[in-house]
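Each remark here refers to the structure printed beneath this line.
Readers should treat all values here as calculations from the given coordinates under stated rules, not as data from a laboratory. Model, not experiment: these values are computed from the prediction. Because the Cβ atoms are built from the backbone with ideal geometry, glycine has one as well, and the counts that use them run over all protein chains shown.
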Amino acid sequence: MKKRLFYGILCLSTLLLISCSIETESHLVKTPTLKLNAVGPLFEGSNTATASWEFSIGQLLGEEFSSEDFRDARIHELKIITPDDEDFPRIDKMVMEMKSKYTSMNRIGLLEENIKFNKEYAFKIAGKQEEVLKALKDEKITFVGDFDLLEEEFYEDLIFDLQVVIEVMVKK
């Protein structure tokens, strides 16, 4: 008797949860090509490049959606394109992070190969992504790329093209 009651309550609570869940749909939002800039001089070891993206929520998916419709967001794709410059320095891996006004710095991607000039590279996207939705609602995101320079010094600015695709789940 107790077993039947337990399973009955379990089934009812499962049905209740399913009926109350909000249906969502996925939309991909692509940033414009951002300039990820490392200001020279750069020295051997760890260096940082940054790019900021400002936008309005209404422009992301259209005016029919508001920030209250957003249910979740995550980085879907992350890539850089290196400049077409033979003087491009030797660079090892890059870690990409993001930050907004009301979020902490969060790792979003990793590129684990030597980076060469005039090439496009896709990052491995972080499995655990925190605060992407909150960062979107802040309407300004700063992307930070930390990379290792393998040469002793490079005196010029180093600029990468950065493209980020974010998957946004919105209420239907």
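Descriptive notes on the structure:
- With each label modelled as a point 7 angstrom along the Cα→C-beta vector, the E44-E152 pair spans 0.8 nm.
- Cα-based shape type of the stretch 24-171, given that a ≥ b ≥ c are square roots of the gyration tensor eigenvalues and the cut on a/c is 1.5: prolate
- Fewest-first sequence of I80, I115 by Cβ atoms within 10 Å of each Cβ: I115, I80
- The lysines whose alpha-carbon is closer than 16 Å to the alpha-carbon of K116, local same-chain residues fewer than 8 away aside, are K79, K93.
- Distant-in-sequence amide contacts of R90, defined by a placed amide H-H separation under 5 Å and a gap of 5 or more residues or a different chain, comprise L150, E151.
- Nonlocal Lys pairs with alpha-carbon distance under 22 Å, the stretch 125-172 (8 or more apart, or different chains): 6
- Restricting the stretch 50-116 to chymotrypsin sites (Phe, Trp or Tyr not before Pro) that sit in a DSSP loop and have at most 12 other Cβ atoms within 10 Å of their own Cβ leaves Y102.
- Surrounding net charge for L162, when Lys and Arg each add one and Asp and Glu each subtract one, Cβ distance under 10 Å: +1
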